[in-house]
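K.L.:
Questions regarding the structure given below will be posed in turn.
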């Protein structure tokens, strides 16, 4: 029987991921304007206030040059996290729509994978909007394929974290708390608006190891024509592996999902 | 597998080929200190219409949730076609479809999208999803609402969408948790007819319901559970016969009290002695249920 299951799963390999991506596409198509406006507002405010309103310099360069890569990484994080945490918590706690998936033969790891990729694509979309909005400003910053890959990886990490948190949520009030306690502090502290180098020792190391700090650093390095380095990829991959494993364990083993 | 445990109605049709589609062994589910299901053992045959009855909080929905893997048991196991059911068991899950008590659907999807999502989750080809959806929605009278989001449907329509969704995949086992809750009398009768038709096609149906007459009308066998434990298990007729097929109701200071008799003459004799406030009637499954649960149910 297990062999038969394996054969069926092999025949339909990846179809579960495609199904979740289709679901995400349906959602995106329906809420296109809401998603787009929500992705634009906060980052645009930061760019206008800190980058254009408060005219200053950083490391001898206009502050906007420092700010844009950080805001792009932050938008990616916000886009991915919010695409999953609210949606999945609602599906699990309020709509009970997750039951439809749990009882279906779609392998649950594919469901997790689809959510992570789908969330990451939403983050990528949010980051791309910021890149488009800042394109007319002459900054000489470089954004290439590797930048896009880092944005995607960053989105995957935060989608995975969102997934784990949404499996832990006990009520509808929890997702906004997760955003307040985790995402908002990271938005401001993790190398987005100012360099972590200026932080006190101990705190600096703790903040530097957070995924957004690494994504900001890598995207900023590429933007300034410098190599991204390998350390950031290792950190992001480690977060992805740890939270991905927790998400898979939760969905297969959590007794009261 | 022998025919022991098969319902009388099914024996003739089954001709000694009854097989256990679902086997529940020592099922226990605890939520903290509270034991919702307490060592439940059941065998449900292929093509059987099986009812799970019990008062509120008896453990019916918890049992169905474990049968659909939404909840995992604290101990014990569920076998489908002899194979253990868990969240990895794709081939067992492929046979199952569930209609839950709540409207477990994406509220922001249209009916068409709900159907397509279900079909995709079961690896159905798109052409087949569309063809079968059209047939089912037409049958349920939902065709003109197919572009409407679930959020904007009435309760009865949502229930119908859930039925269409569960039938889209041609399940071998249909788990129904209070499927007619909130339905008007006409819709409920239509639902009964549909379930009978499906059962005639050898679909195994497990039903939980508060409507005792529903279980009596539809089920080959019923299990009465209370506080997570199996109290009685038999055909509705056998359960009624066991209690006594004839009932005399007496209105006393304590309220309505019923006495049950196996012998009609004995019941009539008791009735004549009891006075004008007494009345005679046939015992129903609800009587069995009330006696078993120890309290009146809706």
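The values are calculated or read from the model by the stated rules, or taken from the named source; none is laboratory data. Computed from a predicted model, the values in this text were never measured in an experiment. Note: ideal-geometry Cβ built from the backbone for every residue, glycine included; neighbour counts use all protein chains shown.
K.L.:
Considering only the stretch B:229-256, state which residues are assigned to a loop (DSSP other than H, G, I, E, B) and surrounded by 14 or more Cβ atoms within 10 Å (Cβ to Cβ). Talk me through it step by step, then tell me what you get.
P.N.:
Kept after step one, since they are assigned to a loop (DSSP other than H, G, I, E, B), are these residues of the stretch B:229-256: B:235, B:244-245, B:253-254.
Listed by number, the residues that qualify are B:235, B:244, B:245.
K.L.:
Separate question: So residue B:293 clears everything in (1) surrounded by 18 or more Cβ atoms within 10 Å (Cβ to Cβ); (2) in the same structural domain as residue B:61 (by TED's automatic domain parsing); (3) within 27 Å of residue B:73 (Cα to Cα) except one condition, right? Which one?
P.N.:
Only one criterion in (1) surrounded by 18 or more Cβ atoms within 10 Å (Cβ to Cβ); (2) in the same structural domain as residue B:61 (by TED's automatic domain parsing); (3) within 27 Å of residue B:73 (Cα to Cα) is unmet by residue B:293, namely (2).
K.L.:
To continue, here is another question. Residue by residue through the stretch B:54-85, note down the ones that are over 15 Å from residue B:210 (Cα atoms), touching a helix residue (DSSP H, G or I) at 6+ places or on another chain (Cβ under 7 Å) and more than 12 Å from chain A (Cβ to nearest Cβ).
P.N.:
B:78
K.L.:
Hey, another quick one. Exactly one of these conditions fails for residue B:147: (1) in contact with a strand residue (DSSP E or B) (Cβ under 9 Å, 6 or more places away or on another chain); (2) under 28 Å from residue A:12 (Cα atoms); (3) surrounded by fewer than 22 Cβ atoms within 10 Å (Cβ to Cβ). Give me its number.
P.N.:
(2)
K.L.:
Quick check on the stretch B:34-53. Is at least one of its residues in contact with a helix residue (DSSP H, G or I) (Cβ under 6 Å, 6 or more places away or on another chain), over 30 Å from residue B:130 (Cβ atoms), within 7 Å of chain A (Cβ to nearest Cβ) and outside any loop (DSSP other than H, G, I, E, B)? Full working, then the answer.
P.N.:
Going residue by residue through the stretch B:34-53, those that are in contact with a helix residue (DSSP H, G or I) (Cβ under 6 Å, 6 or more places away or on another chain) are B:36-37, B:49, B:51-53.
If we keep only those that are over 30 Å from residue B:130 (Cβ atoms) too, we end up with B:36-37, B:49, B:51-53.
So of that shortlist, the ones also within 7 Å of chain A (Cβ to nearest Cβ) come out as none.
No, the stretch B:34-53 contains no residue that is in contact with a helix residue (DSSP H, G or I) (Cβ under 6 Å, 6 or more places away or on another chain), over 30 Å from residue B:130 (Cβ atoms), within 7 Å of chain A (Cβ to nearest Cβ) and outside any loop (DSSP other than H, G, I, E, B).
K.L.:
Looking at A:112, A:49, A:41, which is the one that is touching a helix residue (DSSP H, G or I) at 6+ places or on another chain (Cβ under 6 Å) and assigned to a helix (DSSP H, G or I)?
P.N.:
Working: A:49 fails: touching a helix residue (DSSP H, G or I) at 6+ places or on another chain (Cβ under 6 Å); A:41 fails: touching a helix residue (DSSP H, G or I) at 6+ places or on another chain (Cβ under 6 Å).
Of the residues listed, the single one that is touching a helix residue (DSSP H, G or I) at 6+ places or on another chain (Cβ under 6 Å) and assigned to a helix (DSSP H, G or I) is A:112.
Yes/no matrix, rows are residues, columns are (1) within 9 Å of chain A (Cβ to nearest Cβ); (2) closer than 15 Å to residue B:160 by Cβ; (3) in contact (Cβ under 8 Å) with a residue 40 or more places away in the chain:
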site: B:87; (1), (2), (3): yes, no, no
site: B:105; (1), (2), (3): yes, yes, yes
site: B:116; (1), (2), (3): yes, no, no
site: B:120; (1), (2), (3): yes, no, no
site: B:124; (1), (2), (3): no, no, yes
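K.L.:
Mind listing whichever residues of the stretch B:91-103 are outside any loop (DSSP other than H, G, I, E, B), at the interface with chain A (Cβ under 7 Å from one of its Cβ atoms) and either crowded, with 21+ Cβ neighbours inside 10 Å or under 15 Å from the mean Cα position of the chain (by Cα) (or both)?
P.N.:
Of the residues in the stretch B:91-103, the ones outside any loop (DSSP other than H, G, I, E, B) are B:91-93, B:96-99.
So of that shortlist, the ones also at the interface with chain A (Cβ under 7 Å from one of its Cβ atoms) come out as B:91, B:93, B:96, B:98.
Residues satisfying the conditions are B:93, B:96, B:98.
K.L.:
So if I check each of A:183, A:161, A:222, which one is more than 25 Å from residue A:134 (Cβ to Cβ) and surrounded by 15 or more Cβ atoms within 10 Å (Cβ to Cβ)? Outline the logic, then answer.
P.N.:
Working: A:183 fails: more than 25 Å from residue A:134 (Cβ to Cβ); A:222 fails: more than 25 Å from residue A:134 (Cβ to Cβ).
Within the list A:183, A:161, A:222, the selection yields A:161.
K.L.:
Exactly one condition in (1) more than 11 Å from every other protein chain (Cβ to nearest Cβ); (2) under 24 Å from residue B:198 (Cβ atoms); (3) not in a helix (DSSP H, G or I) is false for residue B:137; which is it?
P.N.:
The single condition residue B:137 does not satisfy is (3).
K.L.:
In this structure, does residue A:85 turn out to be more than 14 Å from chain B (Cβ to nearest Cβ), in contact (Cβ under 8 Å) with a residue 60 or more places away in the chain and in contact with a helix residue (DSSP H, G or I) (Cβ under 8 Å, 6 or more places away or on another chain)? It would help to see each step written out before you state the result.
P.N.:
Numbers: more than 14 Å from chain B (Cβ to nearest Cβ): yes; in contact (Cβ under 8 Å) with a residue 60 or more places away in the chain: yes; in contact with a helix residue (DSSP H, G or I) (Cβ under 8 Å, 6 or more places away or on another chain): yes.
Criteria met by residue A:85.
K.L.:
Just give me the residues in the stretch A:100-110 being within 21 Å of residue B:167 (Cα to Cα) and either touching a strand residue (DSSP E or B) at 6+ places or on another chain (Cβ under 7 Å) or more than 7 Å from chain B (Cβ to nearest Cβ) (or both), in sequence order.
P.N.:
The answer is A:103, and nothing else.
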